[in-house]
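Okay, so here's the structure we're looking at.
The values are calculated or read from the model by the stated rules, or taken from the named source; none is laboratory data. What you see is a predicted model, and the numbers here were worked out from it, not measured in a lab. Counting neighbours? That spans all protein chains shown, and the Cβs are built from the backbone with ideal geometry, glycine included. Protein only, heavy atoms only, side chains kept; ligands, DNA and RNA dropped before computing areas. Shrake-Rupley method; radii C 1.70, N 1.55, O 1.52, S 1.80 Å.
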Amino acid sequence: MELPLRFTDDDGVTHEATFLFNVLEGKGRDVIVDTPLIFNDLGPLFLNMISKAVRTVETSVPMSLSAISTEKLLSDEMFATVGEWTDTIGEQMCEPLGENYIGVEPPEGAFFPWRYAIDEPAPEDDLIPEADSHSGITDSNKMLAFLYGDIGEVKSRYKDWIETNVTSSLLENTQMRALLAEYMCCFVKSEWKGMNIPPLKLEFKDDAPERMFCKPRPIPPRLFEAAKKEFERMLTYFYESSNSAWVSPMVVASKAISPYIRLCIDLTRVNSHLKYGHYPIPNVRHMIEELQGFSCFIDADVKNGFHGYILDEDSRDRLTVTTPMGNFRPKFMPEGLACASLKFMEAMNMCFDDLNEGWDRKWCFVLHDNILIGGFSDDDLYTKMKLFLQRCKEKNVYLKFEKTNIGQIK
């Protein structure tokens, strides 16, 4: 919906603009105006607010906005586009204050931005391995180098994990160490094949078009090299070449952990033609109540959950992504699919739900890619862990050992 907004700055000048808003479900009445719109349509107001902030601290902090306070820079013409703003004022405002910060404390309730310019490249760029996907990678050890690093090093870390993430009582009183060594294949894979369950077959509405075209979406220059490395890594196991009549654009987003880049497919148009029903998602409060009475637990995490659910041939074609590097289709379920969470929850139940049959009470609790196992003693937990790992091996479910803790008491 469109809403007219009116703001009055500290000089009494009124600033008006009309914005298009998305209305979200819920009881909140907050109005959120994003930064590009502020820069583009309310630039003079933004500068007025910045100038006030600087005036507030200018007596204690030797900095100035003289470079952006002229009549020319404050004219409406300079706010024609966001790009023009960032190329002129934005760049000047982002200069680090460097030595001016030394011995100066910020006003109460405020803090300083970065102090010095960052000239060196981000260290995460070196953590994303180079891939040779154009020549076609088939060797499993080579593929593992892109998935985890050196396979020998990963096995070594796995053995270290056993000593740190398994309680000492379990290691001393049961054969848990030998069990985890036997089922290392559930944590350290020699190749990525996906779960041993029927492939996911997506259904589409009768009015779905025969062709769906779009141009590749440009990648921000600062993310291009990292995105290219990550995409080449995914070509080793997740993507394959495609000439499908349906294509959707790739979206590049940053994330907090390695490889610091997330590649997604914008499936907005595909989702509009997707036909799917409902599937029950467990109620967390009910799960907590069911866990009452257990004295020790196993907290396991499924590795790359969605990427373990294999797609059938037609679904792969429908989810083809177009990129500056070419067109490729996913072999496994990607993020961004409207029914992904429901389908993945259904897949997890296919793998583990019957483990609870024949027991006095439920002990294996699954919520998407998180699995919690409850036990009453070390021996009980060992028995259940053995059944769980046997099922993981049977269904080829891959666990993330870095996020798995065995023997927790709370």
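Scanning segment 378-405 for residues that are under 29 Å from the mean Cα position of the chain (by Cα) and open to solvent by 70 Å² or more (accessible area, probe 1.4 Å) yields K393, E394, E402, K403.
Tell me yes or no: at least one residue of segment 208-228 is free of Cβ contacts under 8 Å to residues at least 24 places away in the same chain, open to solvent by 90 Å² or more (accessible area, probe 1.4 Å), under 30 Å from I261 (Cα atoms) and of a type outside the set (S, T, Y). Yes, segment 208-228 has at least one match. A single entry from V252, V270 fulfils the requirement of being assigned to a helix (DSSP H, G or I) and crowded, with 17+ Cβ neighbours inside 10 Å: V270.
If you go through segment 161-178 and keep only what is open to solvent by 90 Å² or more (accessible area, probe 1.4 Å) and part of a helix (DSSP H, G or I), you end up with E163, T164, E172, N173, R177.
Under the condition of being in a loop (DSSP other than H, G, I, E, B), among the aliphatic types (A, V, I, L, M) and farther than 21 Å from I310 by Cβ, the residues counted in segment 207-240 number 2. Within segment 9-32, restricting attention to residues that are hydrophobic (A, V, I, L, M, F, W, C) and either open to solvent by 40 Å² or more (accessible area, probe 1.4 Å) or at positive phi (or both), the residue that is modelled with the lowest pLDDT is L24.
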